[in-house]
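Engineer: Quick one: this structure, given as structure tokens, is what I'll be asking you about.
Derivation of every value follows stated rules applied to the coordinates shown; laboratory data play no part. None of these values were measured; they are calculated from a predicted model. Here the Cβ positions follow ideal geometry from the backbone for every residue, glycine too, while neighbour counts run over all protein chains shown.
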Amino acid sequence: MDSSGSGVAEATVHPASRADSPQGRHNFDFRKSALSSHNRKYIELDDFTPSTDQVHNDRGHVIPSKKNRRSVYMPNTLWTRSFAIAMVLETLATVGIESWVFVSMLDQLDKIEKGSATLRIRSFLGLYIFALLYELALSYDALRRKNSFQLFGLCICNFGLFTYGILQMGEIKKTVIEVVADTARSNKILGMYEIELILVPVFLSLGTAIMIFVTWKLRAEFSWSIYKDISADLQMNRRYFVYQVYIALLKFDWFFIFGTQLQILLSIQDFENEEFLINAAMVPVAIIALSLAALFCRREKRKSLFVMMIFMVAILASIIRTMFQMYQSQDSSSLGSFKTSLTLFAAIATFLIISTLLNSVWCMMNFHKGLKDYVKQLRGKKPASNPSGHWVSEINSRFELN
């Protein structure tokens with residue numbers, strides 16, 4: 001009530017927040033019940049709700065709403081662009097070489113022999129090409145999700161592909177010598193692809209070095225971005241990191257499980273064989289189990305996630321049993337023909353599945369502690385806020401009526 005007794009209450013408020021200013025007129029809608037709900041003494045800033053139609057900046061210009069913005073992620077910083085360019089160039093170079101070797105070499109070997117030997121080359125080269133393309137897809141996903149651990153895993157994966165590229169040269173040489181009885185002709189065929197097969201691990205080694213350096217730079221950039229969204233709560237940051245590790249492990253799990261099972265199926269090639277049917281069933285089971293594991297972890301469904309862990313244990317047991325049979329068997333025409341590459345894939349798959357199971361337990365220990373809201377918020381690319389209300393800074397959000 002003013003001194004003149006007019007009974008009109010005047011609000012003392014910052015000019016930028018006045019309803020008659022351009023910014024206030026466009027950005028806020030005043031609730032009619034504001035005065036009455038606070039006995040004409042206080043007005044909370046929460047009573048001014050954001051307009052859902054248009055958003056204006058400080059100069060009154062219209063900013064496109066999030067619904068109208070481009071939904072496809074594009075790297076927008078120096079280091080994200082650097083990582084993306086390095087991965088694209090590496091993939092184009094290596095996949096181009098491998099594809100040419102795949103088509104050209106098989107065209108020559110198919111004229112001589114079409115048995116298990118050429119099938120091994122198809123599996124080596126085909127799986128290698130798929131691995132390079134899958135790694136490119138994971139790189140894009142890691143940049144989009146700002147997952148530093150996934151980038152670190154990609155560096156290790158790229159080094160693994162470098163190692164596989166070296167092993168590939170020995171496997172191809174062994175297969176060509178086995179198929180082509182004439183030594184002079186086999187040496188001529190190998191000589192045609194010698195430089196190209198050497199260039200693949202060279203490109204991968206160079207790409208790995210660049211990836212490690214850029215990943216180190218991105219680690220700080222992503223940490224700051226997540227810090228702004230989750231705030232300075234260290235416990236919440238740790239929980240979110242554990243969640244990121246778990247999601248990244250699931251993505252790597254799928255590739256190495258698929259690669260292991262594919263080689264097992266190619267080595268058996270008997271649709272009526274019991275082992276073939278069991279290992280064939282592992283592929284869709286792995287896809288469904290890993291996908292649901294990510295979903296249940298994000299939604300914090302403890303019992304459902306535990307069921308998915310049981311399926312992971314079953315997949316792990318199947319891989320270990322197959323490896324045991326391979327080393328016990330003396331038949332070199334079946335599993336033994338894929339012994340080197342199959343051992344590499346199976347060993348990595350086993351390590352990753354065990355790591356995933358341990359991380360699953362860690363994630364379940366973090367359920368119902370506020371992380372679910374933040375994960376949903378960050379996946380939806382919403383502005384940083386506090387769904388649960390525990391980490392909001394104490395700011396005076398009301399002004400007094402005189």
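Engineer: Of THR183, TRP79, PHE124, which is farthest towards the positive pole of region 78-230's charge dipole, taken about the Cα centre with +1 and -1 on the beta-carbons of Lys, Arg and Asp, Glu respectively?
Structural biologist: TRP79
Engineer: Another question about this same structure. Hey, fewest Cβ within 10 Å first, where do TYR134, TYR164 land in order?
Structural biologist: The order, fewest Cβ neighbours first, is TYR134, TYR164.
Engineer: Determine the shape class of region 245-384: with a ≥ b ≥ c the square roots of the Cα gyration tensor eigenvalues, call it rounded for a/c under 1.5, and otherwise prolate if a/b is greater than b/c, oblate otherwise.
Structural biologist: Taking the square roots of the gyration eigenvalues as a ≥ b ≥ c, region 245-384 is prolate.
Engineer: Could you tell me the center-to-center distance, by alpha carbons, between region 291-319 and region 115-177 in angstrom?
Structural biologist: Rounded to whole Å, the Cα centres lie 26 Å apart.
Engineer: If you take the square roots of the eigenvalues of the alpha-carbon gyration tensor of region 78-230 and sort them as a ≥ b ≥ c, do you get rounded (a/c under 1.5), prolate (a/b over b/c) or oblate?
Structural biologist: It is prolate, given that a/c is not under 1.5 and a/b is the larger ratio.
Engineer: Further question on the same structure: As a footprinting exposure proxy, order MET87, MET192 by other Cβ within 10 Å, with the fewest listed first.
Structural biologist: MET192, MET87
Engineer: Could you list ILE353, ILE287 in order of exposure, starting from the residue whose Cβ has the fewest other Cβ atoms within 10 Å?
Structural biologist: ILE287, ILE353
Engineer: If you stretched the chain out fully between ILE177 and TRP216, how much longer would it get, using 0.36 nm times the residue separation minus the C-alpha to C-alpha distance?
Structural biologist: So the extension gain works out to 9.7 nm.
Engineer: Next up: Using 0.36 nm times the number of residues separating ILE288 and MET192, minus their current alpha carbon distance, what extension gain do you get?
Structural biologist: Going from the current span to full extension adds 30.3 nm.
Engineer: Rounded, prolate or oblate: which one fits region 160-287, using the alpha carbon gyration tensor with axes a ≥ b ≥ c (rounded when a/c is under 1.5, else prolate when a/b beats b/c, else oblate)?
Structural biologist: Since a/c reaches 1.5 but b/c is at least a/b, the shape of region 160-287 is classed as oblate.
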